[in-house]
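What follows is calculated from the coordinates using simple rules that are stated; it is not laboratory data. Just so you know, these numbers come straight off a predicted model, no measurement behind them. Using ideal geometry, Cβ is built from the backbone for each residue, glycine included, and neighbour counts are taken over all protein chains shown.
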Amino acid sequence: MDERTALMIREYLPHDPDPSLEFGEYYYLQSTASGERIIRVYALDILPHQDGTEYGIYQRRGCTMVRIDFGWNDPNRGVHKSQLYDNRTDCKDQTHSWVEGWEDLRNIQRKEVTR
């Protein structure tokens, strides 16, 4: 791993992933009229958009999955991958809110650890 990649991992991914997350499950900082809260969501829809790929996210409520509504009048809008996190602390701190390829960095980090 080169020094630039190592620096990006240290800055954007300061904490280890949450082992309790299932495949496709992430943390998301939801803004509401009463404030912000961190919720666990599943990225299930891939929504190509002019501003890049967006993802439709769902929250588990009981035995059903409920799509998170952002209040936009376009049902084909979602969130960017940079808004999804694999641990609660980084989500709270918004450590990689502008880095779309953070999962690639996490994969590089995992490979380095297993060496």
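If R0 equals 30 Å, the separation of the Cβ atoms of residue 107 and residue 44 corresponds to a calculated FRET efficiency of about 0.90.
The Cα center of the stretch 56-71 and the Cα center of the stretch 85-99 differ in position by 20 Å.
Cβ neighbours within 10 Å, averaged per peptide: list 28-40, 3-15 in order, most packed at the top. Don't skip to the answer; put the middle values down first.
Details: 28-40: 11.5, 3-15: 13.8.
The densest-packed peptide leads the list: 3-15, 28-40.
In degrees, nearest 10, range 0 to 90: what is the angle between the Cα axis of helix 102-114 and the longest Cα principal axis of the chain? With rounding to tens, the tilt is 40 degrees.
Write down the Å³ per residue value for the convex hull defined by the alpha carbon atoms of the stretch 3-114. Let's see the in-between values first.
Values: hull volume 13.4 nm³, N = 112.
Looking at the stretch 3-114, the number lands at 120 Å³ per residue.
Figure legend: label point modelled 7 angstrom from the Cα of residue 20 along Cα→Cβ; residues of the stretch 73-115 with amide N under 18 Å from it are 85-93.
In debye to the nearest 20, how big a dipole does the chain give about its Cα centre with +1 on each Lys and Arg Cβ and -1 on each Asp and Glu Cβ? Mind showing how you got there, number by number?
Details: 15 positive and 20 negative charges, 70 e Å.
For the chain, the charge dipole is close to 340 debye.
Radius of gyration (Cα atoms) of the stretch 51-107, expressed as a multiple of 2.2 N^0.38 Å: 1.26. Which angle between 0 and 90 degrees, to the nearest 10, do you get for helix 3-12 versus the longest principal axis of the chain when only C-alpha atoms count? Result, in degrees: 40.
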